[in-house]
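The values are calculated or read from the model by the stated rules, or taken from the named source; none is laboratory data. Computed from a prediction, not measured in an experiment: that's the story for all the values here. Every residue, glycine as well, gets a Cβ built from its backbone with ideal geometry; the counts of neighbours run over all protein chains shown. We work out accessible area using only protein heavy atoms, side chains counted, and drop any ligands, DNA or RNA first. Shrake-Rupley method; radii C 1.70, N 1.55, O 1.52, S 1.80 Å.
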Amino acid sequence: MKNQLLPLCLVLPLCAHRPLADDGDQHFDRSEKLGTVSFPISCAPATQKPFERGVALMHSFCYDESEKQFKALEHEDRTCAMAYWGEAIDLLRQLVNRPEEPDLKRGLE
């Protein structure tokens with residue numbers, strides 16, 4: 001039994017090690033600690049990384065910052081429906097609390 005546990009104890013820490021991510025993938029600020037998001041959209045190519053940053057902010061419970069990111073995308077590309085989707089879904093804040101009536105109205109708009 002001990003002979004079987006030793007290799008397992010040596011291999012498990014290697015499995016738990018997170019591979020290094022490409023910092024240029026979607027982060028604009030090196031001090032910003034966000035996870036990696038891959039969420040392809042059909043908007044202008046220049047909006048892809050900022051959109052993914054907005055989703056990463058939202059999934060990090062940084063709702064105010066993600067809302068700002070999606071609004072900036074709306075101004076950058078008014079035809080990008082996913083920027084409006086991001087702003088609306090950001091208002092839901094489902095894991096934190098129930099959406100209030102004003103947020104539901106804004107999301108519907």
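A few comments on the model shown:
- On inspection, GLU52 qualifies as open to solvent by less than 40 Å² (accessible area, probe 1.4 Å), at pLDDT 95 or above and part of a helix (DSSP H, G or I).
- In the condition set (1) of a type in the set (Ser, Thr, Tyr); (2) assigned to a helix (DSSP H, G or I); (3) surrounded by fewer than 16 Cβ atoms within 10 Å (Cβ to Cβ), SER66 is compliant with all but (3).
- Check on GLU87, out of contact with any Lys or Arg (no Cβ under 7 Å at 6 or more places or on another chain) and open to solvent by less than 50 Å² (accessible area, probe 1.4 Å): no
- Members of region 36-49 found to be open to solvent by 100 Å² or more (accessible area, probe 1.4 Å) and either in a helix (DSSP H, G or I) or in contact with a Gly (Cβ under 7 Å, 6 or more places away or on another chain) (or both), listed by number: PRO45
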